[in-house]
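The values are calculated or read from the model by the stated rules, or taken from the named source; none is laboratory data. Note that the structure is predicted; figures quoted are calculated from it, not measured. Cβ sites come from the backbone with ideal geometry, for glycine too, and all protein chains shown count toward neighbours.
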């Protein structure tokens, strides 16, 4: 999902916000605290080598924070990435972007790389004539230096990552005494890994992951300000042991994360220092194997991962996090997986609820906010079937997430007041997914997926559907690649079902007249065509080709100083059809 005021992106998993999904970069927790609202924008697409998504309970080695799952992003490596790569991009709204990779292998045991990104958008667009920018003006400079080395049985990497991010939104610059949004972010971090395989025993290894970072944020929301300075570090020491057979793997480790945050919101201090130290252990049995026709055996067909960790938070005490993942290959074409476990996270206030700043409402924190704590249970069935001479795949997911505590942002029970408090009652999510991948003819693939999310939370004793979460989502993609691999075509349709918006109680009828209590369903259509010849690729695409936009996304936009002003209820795109053009060149 994209926020219309800030232009930032947020993922949703199992029907819940991205704050409940742990973001990892090369298997280390990344971009937390003040950076969390902007995290996905700080990983340029060309830097990504692969993405691994784990739904529900996942590994305990990376911390207890994941509740709905983990998303790990592996970045391109200097030794395997292209020696030189450049990507240029521009769209019809004036957004320009450039990415460059420069890599060199100095010798087999040493390689270095430089990843650079620059993007910006300085035009003011107001197609719905509400005198508010449809997207903020922005500028981002983003760079990373990487070094990989190997010394005998030891290997490692060292990285330096720097970000400068500026954006400005709100009312047009021509409006007198305009309501303005400003957000300035500066970040520097140093991270790396070191590993050692014991001499004469390839089944034992030890690894060390480290990360140190500093982040400065300055924000303005109309006449109110939000600022923060964060200094933090993460350390993880991991030991791995394989048995005489690779079917058995044991790992254990210790980790520590500290964050010292000095934060001010509307003149009120929210300074805090969080320190979490933990120990963990994990056992794995089994590995995926192709059925060789010799009959069933647990070693070939089944696998299980059992993990547990214990963490001590200096303000909240001990938390124990058990997790289990199991797999059973019913046959060569059918795999069944189940998972169960606990996750908890320290509330990151105020960044977790940045949307509450896009209005003039009064903020009330009614009590000490405790860690958010939940159990998640689920399963997945994947089956491959032969249709003619082509293989189709079917995927079914079902997950249930139940909170034992959650920080509730309540815009329901008191007009013009946002109450934050610990959960008193039920809060849960039921998520279902059905998907089919079909190769219709050679080179032509169709994917169709349906997702159902029932998410409910208790507000002051009343169980309600969580606002801004559609009950149904549909996705259909059609991809075609010519036999010579020169041309690639993509057409994507995304259907977004109706969703409940925050309560309208207390709004004057004329102010709320153009804002429904339940949003209408809508369809988004995107398409792209690319041409490749040798080291050069050109691509042309269009987004929101149906020109679907939300009319009057801001409540009481005529009076941004009034108590009813609210820019947080955006359920559909604010920007209509846009076209983009780009090129990629590599050596």
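Remarks
- Residue check for residue 51: in a loop (DSSP other than H, G, I, E, B) and either in contact with a strand residue (DSSP E or B) (Cβ under 8 Å, 6 or more places away or on another chain) or farther than 30 Å from residue 257 by Cα (or both): no
- Exclusive hit being more than 25 Å from residue 319 (Cα to Cα) and either in contact with a strand residue (DSSP E or B) (Cβ under 9 Å, 6 or more places away or on another chain) or at pLDDT 95 or above (or both), set 234, 217: 217
- Qualifying residue in region 371-385 (condition: touching a helix residue (DSSP H, G or I) at 6+ places or on another chain (Cβ under 6 Å), in contact (Cβ under 8 Å) with a residue 24 or more places away in the chain and at negative phi): no
- Residue match in region 499-516 (condition: in a strand (DSSP E or B) and surrounded by fewer than 17 Cβ atoms within 10 Å (Cβ to Cβ)): no
- Identity of the residue in region 558-573, more than 25 Å from the chain's Cα centre (by Cα) and surrounded by fewer than 21 Cβ atoms within 10 Å (Cβ to Cβ), that ends up nearest to residue 509 (Cα to Cα): 564
- Selection within region 193-217 - over 20 Å from residue 148 (Cβ atoms) and within 23 Å of the chain's Cα centre (by Cα): 213, 214, 215, 216, 217
- The residues of region 80-109 that are part of a loop (DSSP other than H, G, I, E, B) and within 27 Å of the chain's Cα centre (by Cα), listed by number, are 80, 81, 82, 92, 93, 94, 95.
- All positions within region 404-426 that are in contact with a strand residue (DSSP E or B) (Cβ under 6 Å, 6 or more places away or on another chain) and free of Cβ contacts under 8 Å to residues at least 40 places away in the same chain: 404, 405, 423, 425, 426
- Restricting 110, 115 to residues that are touching a strand residue (DSSP E or B) at 6+ places or on another chain (Cβ under 8 Å) and buried (at least 16 other Cβ atoms within 10 Å of the Cβ) narrows the list to 115.
- Per the conditions (1) within 30 Å of residue 132 (Cα to Cα); (2) at pLDDT 90 or above; (3) crowded, with 22+ Cβ neighbours inside 10 Å, the sole criterion not satisfied by residue 92 is (3).
- Matching entry among 463, 446 (being surrounded by 15 or more Cβ atoms within 10 Å (Cβ to Cβ) and either part of a strand (DSSP E or B) or free of Cβ contacts under 8 Å to residues at least 40 places away in the same chain (or both)): 446
- When residue 329 is tested against (1) at pLDDT below 95; (2) surrounded by fewer than 17 Cβ atoms within 10 Å (Cβ to Cβ); (3) farther than 28 Å from residue 413 by Cα, exactly one condition is not met: (2).
- Scanning region 566-587 for residues that are assigned to a loop (DSSP other than H, G, I, E, B) and under 29 Å from residue 358 (Cα atoms) gives 567, 568, 569, 570, 571, 572, 573, 574, 575, 576, 577.
- The criterion of being in contact with a strand residue (DSSP E or B) (Cβ under 8 Å, 6 or more places away or on another chain), surrounded by 15 or more Cβ atoms within 10 Å (Cβ to Cβ) and at pLDDT below 95 holds for residue 439.
Condition check ((1) farther than 29 Å from residue 315 by Cβ; (2) crowded, with 17+ Cβ neighbours inside 10 Å) across all residues:
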{"position": "365", "(1), (2)": "no, no"}
{"position": "371", "(1), (2)": "no, yes"}
{"position": "374", "(1), (2)": "no, yes"}
{"position": "382", "(1), (2)": "yes, no"}
{"position": "396", "(1), (2)": "yes, no"}
{"position": "403", "(1), (2)": "no, yes"}
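- Considered as a group, the residues in region 520-534 that are at pLDDT 95 or above and not in a strand (DSSP E or B) include one that is farthest from the chain's Cα centre (by Cα), and that residue is 520.
- Members of region 173-214 found to be more than 26 Å from residue 259 (Cβ to Cβ) and crowded, with 19+ Cβ neighbours inside 10 Å, listed by number: 179
- Residue check for residue 117: within 22 Å of the chain's Cα centre (by Cα) and closer than 23 Å to residue 530 by Cβ: yes
- Scope region 492-509; condition without any contact (Cβ under 8 Å) to a residue 40 or more places away in the chain and over 18 Å from residue 567 (Cβ atoms); matching residues: 492, 493, 494, 495, 497, 498, 500, 509
- Extreme residue, farthest from the chain's Cα centre (by Cα), among residues of region 319-359 that are farther than 30 Å from residue 266 by Cα and in a loop (DSSP other than H, G, I, E, B): 332
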